[in-house]
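Trainee: Here's a structure for you.
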Amino acid sequence: MSDAQLYVGRFAPSPTGPLHVGSIYTALASFLDARSHQGQWLLRIDDLDTTRNIKNSADNILTTLETFGLTWDQAVYYQSQHLSDYQEFLDQLNHRQLLYPCSCSRKTLSALPADIYPGLCLNQQVLPDTPHAIRIQTDQRIIAFEDELQGLIKHSLSERHGDFILKRKDLVIAYQFAVVVDDYLQGVNHVVRGCDLLDVTPRQIYLQQVFKFITPSYMHVPVIVDAEGHKLSKQTLAHAVDTHSPSQLIFKLLGLLKQHPPIECQNAPVSELLDWAQQHWNPAALKGTVQLAVAG
Ligand code: GLU
């Protein structure tokens with residue numbers, strides 16, 4: 001990034017339930033990284049998967065972020081309002097003959113060794129009215145990138161995934177594809193998110209390469225896990241974050257981000273805590289950590 005280029009970061013929660021401690025932790029890291037670079041911090045609601053969306057949770061997420069002082073720039077970007085953009089980029093790939101329909105059943109797919117798709121439908125005729133997903137052809141290339149916290153990541157698409165899905169059989173645009181289009185359309189050049197997404201990043205970089213989009217810099221922060229080592233997630237019914245004492249939670253999360261604000265900040269208003277944290281933001285303290293256990 002040249003000095004003159006504005007840092008643009010983002011937080012992209014899925015509206016599948018209220019934010020939990022793990023999601024606020026990631027939001028805080030991404031917010032602080034953007035603000036400490038005088039950057040913009042955008043908010044995107046990943047609401048394409050209508051089978052998982054929960055009513056009112058997008059509004060609830062917005063209110064919760066505001067309560068914690070995590071205010072964003074620009075209008076909120078809802079993926080569901082960009083369906084024609086995804087189709088346009090899909091059409092481009094189709095025109096380049098990089099896509100093919102795949103009618104493989106769930107059973108066939110689950111029997112594949114190591115989840116690698118060996119191109120079963122690549123040269124098959126799939127009749128248009130047969131339910132099918134859309135896959136992109138991949139090649140032998142190795143995708144390598146330097147994650148700001150996790151170091152050099154190198155990954156062979158053919159040895160890890162094979163051709164992957166851009167549009168699902170139920171017609172939902174796949175996350176891997178949408179996120180690349182969204183980051184491009186929003187001008188995002190810094191992605192700070194949880195380590196659980198480290199493994200999907202090479203597929204996203206592959207798509208950026210195919211489209212000749214600039215690859216953003218990536219920083220994958222540790223994920224918060226419970227006492228059993230499971231990532232806190234809405235699927236594991238992690239508790240909604242308690243919004244009654246935002247300062248206390250931000251103080252605690254700064255500790256988990258290894259930022260250690262002075263103890264006298266503990267009861268400071270959220271805005272003061274965030275100011276302190278922006279000025280002292282040192283993500284290098286998290287280098288190499290992929291998960292953190294949190295009690296309670
Ligand atoms: N919506 C995704 C999630 O909640 C995050 C996507 C991203 O940051 O790229 O896991």
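The values are calculated or read from the model by the stated rules, or taken from the named source; none is laboratory data. Given the structure is predicted, the values throughout are model-derived calculations rather than measurements. Glycine also receives a Cβ, built like all others from the backbone with ideal geometry; neighbour counts cover every protein chain displayed.
Trainee: Given (1) surrounded by fewer than 12 Cβ atoms within 10 Å (Cβ to Cβ); (2) of a type in the set (Asp, Glu); (3) closer than 22 Å to Val181 by Cβ, identify the lone condition not met by Asp129.
Mentor: Unmet for Asp129, out of (1) surrounded by fewer than 12 Cβ atoms within 10 Å (Cβ to Cβ); (2) of a type in the set (Asp, Glu); (3) closer than 22 Å to Val181 by Cβ: (3).
Trainee: Continuing with this model, one more query. Is at least one residue of segment 233-254 under 16 Å from Ala29 (Cβ atoms), in a helix (DSSP H, G or I) and not aliphatic (A, V, I, L, M)?
Mentor: Quick first cut of segment 233-254, residues under 16 Å from Ala29 (Cβ atoms) only: 241, 249-254.
Subsequent filtering for residues that are in a helix (DSSP H, G or I) retains 249-254.
Going one step further and asking which of them are not aliphatic (A, V, I, L, M), we end up with 251-252.
The answer is yes; a qualifying residue exists.
Trainee: Given the condition surrounded by 14 or more Cβ atoms within 10 Å (Cβ to Cβ), among the hydrophobic types (A, V, I, L, M, F, W, C), over 15 Å from the mean Cα position of the chain (by Cα) and at pLDDT 95 or above, answer yes or no: does some residue in segment 213-232 qualify?
Mentor: Yes, there is a match, as at least one residue in segment 213-232 is surrounded by 14 or more Cβ atoms within 10 Å (Cβ to Cβ), among the hydrophobic types (A, V, I, L, M, F, W, C), over 15 Å from the mean Cα position of the chain (by Cα) and at pLDDT 95 or above.
Trainee: Do you know which residues across segment 245-286 are surrounded by fewer than 20 Cβ atoms within 10 Å (Cβ to Cβ), among the polar types (S, T, N, Q) and within 24 Å of Gln40 (Cα to Cα)?
Mentor: Ser247, Ser271, Gln278, Gln279, Asn282
Trainee: Ok, one more. Of all helices (runs of 4 or more DSSP H) completely enclosed by segment 105-213, which ones contain at least 2 residues that are within 16 Å of the ligand (Cβ to nearest atom)? Break it down into steps so the answer makes sense when it comes.
Mentor: Numbers: elements: 106-110, 157-160, 175-185, 201-211.
Because the criterion is at least 2 residues that are within 16 Å of the ligand (Cβ to nearest atom), the helices (runs of 4 or more DSSP H) in segment 105-213 that meet it are 175-185, 201-211.
Trainee: Separate question: Could you list all residues from segment 34-48 that are in contact (Cβ under 8 Å) with a residue 40 or more places away in the chain, over 16 Å from Asp196 (Cβ atoms), within 13 Å of the ligand (Cβ to nearest atom) and in contact with a helix residue (DSSP H, G or I) (Cβ under 8 Å, 6 or more places away or on another chain)?
Mentor: Within segment 34-48, Arg44, Leu48 meet the criteria.
Trainee: Let me ask something else. Give me the pairs: first residue in segment 180-196 and over 14 Å from Ser217 (Cβ atoms), second residue within 12 Å of the ligand (Cβ to nearest atom) and in a helix (DSSP H, G or I), beta-carbon distance under 7 Å, and six or more apart or on different chains, which are they?
Mentor: Filtered contacts from segment 180-196: Val180/Gln204; Asp182/Gln79; Gly194/Thr26.
Trainee: While we're on this one: Leu62 passes all but one of (1) more than 14 Å from the ligand (Cβ to nearest atom); (2) under 19 Å from His190 (Cβ atoms); (3) not aromatic (Phe, Trp, Tyr); which number fails?
Mentor: (2)
Trainee: A further question follows. Of everything in segment 14-28 that's outside any loop (DSSP other than H, G, I, E, B) and within 13 Å of the ligand (Cβ to nearest atom), which residue is nearest to Asn53 (Cα to Cα)?
Mentor: Step one: of segment 14-28, the residues outside any loop (DSSP other than H, G, I, E, B) are 21-28.
Keeping just the survivors that are within 13 Å of the ligand (Cβ to nearest atom) gives 22-27.
Working: Gly22: 19, Ser23: 16, Ile24: 19, Tyr25: 21, Thr26: 20, Ala27: 19 Å.
By that ranking, first place goes to Ser23.
Trainee: Follow-up. So if I check each of Phe11, Phe68, Phe31, which one is of a type in the set (Phe, Trp, Tyr), within 19 Å of Leu232 (Cβ to Cβ) and away from the ligand (no atom under 14 Å from the Cβ)? I'd like the intermediate steps shown before the answer.
Mentor: Numbers: Phe11 fails: away from the ligand (no atom under 14 Å from the Cβ); Phe31 fails: away from the ligand (no atom under 14 Å from the Cβ).
Matching residue, one of Phe11, Phe68, Phe31: Phe68.
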